[in-house]
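Q: Here it is, the structure, as structure tokens.
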Amino acid sequence: MLMGKKPDKREIVSYEEANWEDYLKAYYDKPQSPRTWSGFEVKEIYTPEDRANEDYEQDIGDAGKFPFTRGIHSDMFRGRYWTRREVVGIGSPADTHKRAAFCFEQGGTGLNTIADITYEMGLDPDHPWAQNEVGLTGVNISSIRDMEKLVGDIPLDRVSWSLITASTAAAATMAQYVAIAQHKGYDIGILRGSIQNDPIHFRYCGFRPACPLDLSIKLGSDVMEFCTRNMPRWYYTTVNMYDLREQGITAPQEVAFGFGIAMCYIEELLRRGLRIDEFAPRFTFYVSCHIDFFEEIAKIRAARRMWARLMRDKYGAKDPRSMQFRFAVHTAGCSLIPQQPLNNLVRISFEALAAVLGGVQSLHCCSYDEPMCLPSERGHLQALRTQQIVAYETGVTHVADPLGGSYYVESLTDKVEEEALKIMKQVEEIGGMEEAIRTEWLDGQFEREAIKRQKEIDNGDKLVVGANIFTSEPDTSTPLGVQRIPKQSARQQIQGVRRLKKSRDVRKLSDAINHLRDDATEGRNTIPAMIEATKAFATTAELLGTVRQAYGYSYDPLNVIESPFN
Amino acid sequence: MRMARKIRVIISKVGLDGHDRGAKVVAALLREAGMEVVYLGMYQTPEGIVQAAIDEDVDVIGVSYLSGEHLIYTPKIVEEMKRNGLDDLLFVVGGSFPPEDISVMKKMGADEVFRGGSLTDSLVNYIRENVRQMH
């Protein structure tokens, strides 16, 4: 009670009702289970005895040296900080350009744009199913005109741009990006950046009917082949282990399933006659950083070692760059909850720190408001500031792999690797990842794990502050404001594509579409014809629909509209 | 003695939103809690969901939104329910929304709203206590 304040009746009553017995019990609280997030039972302490069989050169090695357990560069962040790359995608290309520019202005160092659902499904905004959802989950793009607005004054020869897109749509995205770059006079050989182009993973984000597997792999491999031959500085596949993890799976499953998917692409490229060292250095990964700090660091270290050995031993890679596991981190969206939302800032900080201690190349910190809406401007800013505090204030960047040599972290790294290898072997026994997908074995794994995770929270095996411990009355407002998608942005996109479709040179367009259809039918690489068609103002749906038809599928993924070119 | 009918629930996505993990988990856990669950999956329309509710004779419609489409589809579903005389069904919404939108959706006609971080018991108990079984 404050000095000089008159005690009022209500206060006294509340003291009488206070449950001191319960409050004081917390003093004796201790962790309830010695298990990591993924379920590894860990010991009270790790000692030199746990590392008795360790061969440093063989199993760990200095940063920059095989098997790269400690990092892919010898100087790590002394050479350059990781790329601070916040994912941006809201409404129209102009809305998204504005937010991306804001992130740069505030010290972001890489672009990272994400497409909306309609685009990711290969629909134009005037599609009857698309109209309600244009721009809600990312940027809506349907033509080279939209790409032009998205790029605006950004110097494409100097930035590194990460294009997040889905499934079959990646081929269209790559073609549209190349088309705008060439239109603006850039030599595409010098463009830097990456495209997600991970056609398999999107099946597990609920987009199955829109992307038949054979066509997805064909188009994904077209992108990879095209870039190998024409864009030597471009990273043309980002295997998205992050989205897999978001389904509820464990850290070793994330690595094992992600590698299994990467191997599908490797094998397709080898079948096309490319050599492993020609393309493996351009593979990158998108990795989750979840809330179990040491386990996530161990996972990253294990993944680096496993990739190096996989490339050298299974695929016979000779170039050390083929053996370097390059990755970006997305802090775990599914670790965030809408209750007590400012707590998310704290979760994100720990996850970002784990990513950096793990030796990340590029980082997206979630915005604290992601379990409620798309990132608001202030949400984005806070995410960026989190990265900047880790980089510029904490001092954790001075030394490569500062946790290397920790008895615990090294042991946990071994443990994650051992378990991940076990799962990879299981997948191999099923007949490989394509078979595991075809038979829906993988679906079953996701299903089972997701239910397990919810039960762990329901029964208190996993504690989440604000959900099942230290709960409070629900908030009634979002602390830093809600991001809404401007209604006029969707309208503009719909009207824009309608106008475009009426104003094109029809002959030029249909020639380009015929060319694309021929290339697809005859099994040639479709990207050059997609670029040509994009320059003739073909839209996203027209590019992808034409290829779908050539492969015997309906023009429209939802089978509602007909091809205008029949 | 007549056995009490099990509570029947439809769980569905609507529109293009492909984030179906939560909906599937909810469907599985409601089944474990003894309810009969019809999982409609993705790419449903308000009309399709309500038609399925009639065909399957359910007591509860549960719809999951994770892509910011909740304020667009909630009134459409409510309208479709009213048009078909299903006002007495419980309409429960789940997914990712800002707290500001919870009361908005309730005004639109959603009976209750559950977000990420909710415990299964809270949902199961809510349904058991509020279901308006006519049978």
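Q: Filtering region A:131-151 down to residues that are closer than 16 Å to A:SER503 by Cβ and of a type in the set (D, E, K, R), which residue is farthest from the other protein chains (Cβ to nearest Cβ)? Before the answer, list the steps.
A: Taking region A:131-151 first, the residues closer than 16 Å to A:SER503 by Cβ are A:142-146, A:148.
In the following step, the residues that additionally are of a type in the set (D, E, K, R) were identified as A:145-146, A:148.
Details: A:ARG145: 23, A:ASP146: 18, A:GLU148: 25 Å.
Looking at residues that are closer than 16 Å to A:SER503 by Cβ and of a type in the set (D, E, K, R), I get A:GLU148.
Q: Name the residue that is nearest to A:PRO34 (Cα to Cα), counting only residues in region A:449-464 that are assigned to a loop (DSSP other than H, G, I, E, B) and at the interface with another protein chain (Cβ under 10 Å from one of its Cβ atoms).
A: The first filter runs over region A:449-464 and keeps only residues assigned to a loop (DSSP other than H, G, I, E, B), leaving A:459-464.
Restricting the remaining residues to those that are at the interface with another protein chain (Cβ under 10 Å from one of its Cβ atoms) gives A:459-460, A:464.
Numbers: A:ASN459: 16, A:GLY460: 14, A:VAL464: 16 Å.
Ranking the qualifying residues of region A:449-464, first place goes to A:GLY460.
Q: Just to check your reading of the model, which residue among B:LEU119, B:LEU123 is without any contact (Cβ under 8 Å) to a residue 12 or more places away in the chain, within 12 Å of chain A (Cβ to nearest Cβ) and hydrophobic (A, V, I, L, M, F, W, C)?
A: Working: B:LEU123 fails: without any contact (Cβ under 8 Å) to a residue 12 or more places away in the chain.
Only one candidate passes the filter, namely B:LEU119.
Q: Go through region A:27-42 and give me each residue that's out of contact with any helix residue (DSSP H, G or I) (no Cβ under 8 Å at 6 or more places or on another chain) and either in the same structural domain as A:PHE294 (by TED's automatic domain parsing) or not small (Gly, Ala, Ser) (or both).
A: Within region A:27-42, A:TYR27, A:TYR28, A:ASP29, A:LYS30, A:PRO31, A:GLN32, A:PRO34, A:ARG35, A:GLU41 meet the criteria.
Q: Given the residues A:ALA512, A:ALA520, A:ALA467, A:ALA420, which is the only one that is under 30 Å from A:GLN382 (Cα atoms) and either buried (at least 18 other Cβ atoms within 10 Å of the Cβ) or within 14 Å of chain B (Cβ to nearest Cβ) (or both)? Before you say what the answer is, go through the steps one by one.
A: Details: A:ALA512 fails: under 30 Å from A:GLN382 (Cα atoms); A:ALA520 fails: under 30 Å from A:GLN382 (Cα atoms); A:ALA420 fails: under 30 Å from A:GLN382 (Cα atoms).
Answer to the check: A:ALA467.
Q: Just to be sure I understand, how many residues within region A:40-78 are part of a loop (DSSP other than H, G, I, E, B) and either under 25 Å from the mean Cα position of the chain (by Cα) or surrounded by 12 or more Cβ atoms within 10 Å (Cβ to Cβ) (or both)?
A: We begin by selecting, within region A:40-78, every residue part of a loop (DSSP other than H, G, I, E, B); these are A:40, A:42-47, A:52-55, A:61-75.
Cutting the leftovers down to either under 25 Å from the mean Cα position of the chain (by Cα) or surrounded by 12 or more Cβ atoms within 10 Å (Cβ to Cβ) (or both) gives us A:40, A:42, A:46, A:54, A:61-74.
Residues in region A:40-78 being part of a loop (DSSP other than H, G, I, E, B) and either under 25 Å from the mean Cα position of the chain (by Cα) or surrounded by 12 or more Cβ atoms within 10 Å (Cβ to Cβ) (or both): 18 in total.
Q: Would you mind listing the helices (runs of 4 or more DSSP H) fully within region A:363-438 where at least 1 residues are in the same structural domain as A:GLY260 (by TED's automatic domain parsing) and farther than 22 Å from A:GLU254 by Cα? Please lay out each step first, then the result.
A: On the way: elements: A:377-392, A:407-430, A:433-438.
So the answer is A:377-392, A:407-430.
Q: Out of (1) in a strand (DSSP E or B); (2) within 14 Å of chain B (Cβ to nearest Cβ), what's the single condition that is false for A:GLN247?
A: Going through (1) in a strand (DSSP E or B); (2) within 14 Å of chain B (Cβ to nearest Cβ) one by one, A:GLN247 breaks only (1).
Q: Moving to a separate point now. When both residues are 6+ apart or on different chains and their Cβ atoms are under 9 Å apart, which pairs have a first residue that lies in region A:406-431 and is on the phi > 0 side of the Ramachandran plot, and a second that is basic (Lys, Arg) and assigned to a helix (DSSP H, G or I)?
A: A:GLY431/A:ARG438
Q: Only residues that are on the phi < 0 side of the Ramachandran plot and surrounded by 13 or more Cβ atoms within 10 Å (Cβ to Cβ): list them for region A:480-494, please.
A: Let us first name the residues in region A:480-494 that are on the phi < 0 side of the Ramachandran plot, namely A:480, A:482-494.
Passing the criteria: A:LEU480, A:VAL482, A:GLN483, A:ARG484, A:ILE485, A:PRO486, A:SER489, A:ALA490, A:ARG491, A:GLN492, A:GLN493, A:ILE494.
Q: Applying the selection to region A:121-148, what residues are over 24 Å from the mean Cα position of the chain (by Cα) and either assigned to a helix (DSSP H, G or I) or without any contact (Cβ under 8 Å) to a residue 40 or more places away in the chain (or both)?
A: A:GLN131, A:ASN132, A:ILE144, A:ARG145, A:GLU148
Q: Looking only at region A:282-314, which residues are polar (S, T, N, Q) and assigned to a helix (DSSP H, G or I)? Show your work before the answer.
A: To start, the set of residues in region A:282-314 that are polar (S, T, N, Q) comprises A:284, A:288.
If the condition is that a residue be polar (S, T, N, Q) and assigned to a helix (DSSP H, G or I), then no residue fits.
Q: Failed condition for A:PRO128, given (1) touching a helix residue (DSSP H, G or I) at 6+ places or on another chain (Cβ under 9 Å); (2) within 14 Å of chain B (Cβ to nearest Cβ); (3) not β-branched (Val, Ile, Thr), with all others met?
A: Evaluating A:PRO128 over (1) touching a helix residue (DSSP H, G or I) at 6+ places or on another chain (Cβ under 9 Å); (2) within 14 Å of chain B (Cβ to nearest Cβ); (3) not β-branched (Val, Ile, Thr) leaves (1) as the failure.
Q: Of all strands (runs of 3 or more DSSP E) completely enclosed by region B:1-112, which ones contain at least 3 residues that are closer than 20 Å to B:VAL124 by Cα and more than 14 Å from chain A (Cβ to nearest Cβ)? Spell out the reasoning first.
A: On the way: elements: B:8-13, B:36-41, B:60-65, B:90-95.
Fully inside region B:1-112 and qualifying: B:8-13, B:60-65, B:90-95.
Q: Now, a different point. Can you tell me which residue is nearest to the other protein chains (Cβ to nearest Cβ) among those in region A:94-115 that are part of a loop (DSSP other than H, G, I, E, B) and out of contact with any helix residue (DSSP H, G or I) (no Cβ under 7 Å at 6 or more places or on another chain)?
A: Looking only at region A:94-115, we keep the residues that are part of a loop (DSSP other than H, G, I, E, B), and these are A:106-110.
Next, only the ones that are out of contact with any helix residue (DSSP H, G or I) (no Cβ under 7 Å at 6 or more places or on another chain) stay: A:109-110.
On the way: A:THR109: 28, A:GLY110: 25 Å.
Filtering region A:94-115 for residues that are part of a loop (DSSP other than H, G, I, E, B) and out of contact with any helix residue (DSSP H, G or I) (no Cβ under 7 Å at 6 or more places or on another chain), the one nearest to the other protein chains (Cβ to nearest Cβ) comes out as A:GLY110.
Q: I'd like to know if region A:11-27 contains one or more residues that are assigned to a loop (DSSP other than H, G, I, E, B) and at pLDDT 95 or above. Break it down stepwise before answering.
A: Residues of region A:11-27 assigned to a loop (DSSP other than H, G, I, E, B): A:18-19.
Within this subset, residues satisfying the condition of being at pLDDT 95 or above are none.
Looking through region A:11-27, none of the residues is assigned to a loop (DSSP other than H, G, I, E, B) and at pLDDT 95 or above.
Q: Considering each residue of region A:482-498, count those that are farther than 15 Å from A:LEU123 by Cα and touching a residue at least 60 places away in the same chain (Cβ under 8 Å), and give that number.
A: Residues meeting the conditions: 7.
Q: Taking A:ASP55 as the residue in question, decide whether it is touching a residue at least 12 places away in the same chain (Cβ under 8 Å) and either away from chain B (no Cβ under 14 Å) or not hydrophobic (A, V, I, L, M, F, W, C) (or both). If you could, list the steps in order and put the result at the bottom.
A: Values: touching a residue at least 12 places away in the same chain (Cβ under 8 Å): no; either away from chain B (no Cβ under 14 Å) or not hydrophobic (A, V, I, L, M, F, W, C) (or both): yes.
Considered against the rule, which asks whether it is touching a residue at least 12 places away in the same chain (Cβ under 8 Å) and either away from chain B (no Cβ under 14 Å) or not hydrophobic (A, V, I, L, M, F, W, C) (or both), A:ASP55 comes out as no.
Q: Scan region A:437-448 residue by residue and report those that are more than 14 Å from chain B (Cβ to nearest Cβ) and modelled with pLDDT of 95 or more.
A: Step one: of region A:437-448, the residues more than 14 Å from chain B (Cβ to nearest Cβ) are A:437-439, A:441.
A:TRP441, the sole residue that qualifies.
The values are calculated or read from the model by the stated rules, or taken from the named source; none is laboratory data. Predicted model only: the values in this text are computed from it and were never measured. Positions of Cβ are backbone-derived with ideal geometry, glycine not excepted, and every protein chain shown enters the neighbour counts.
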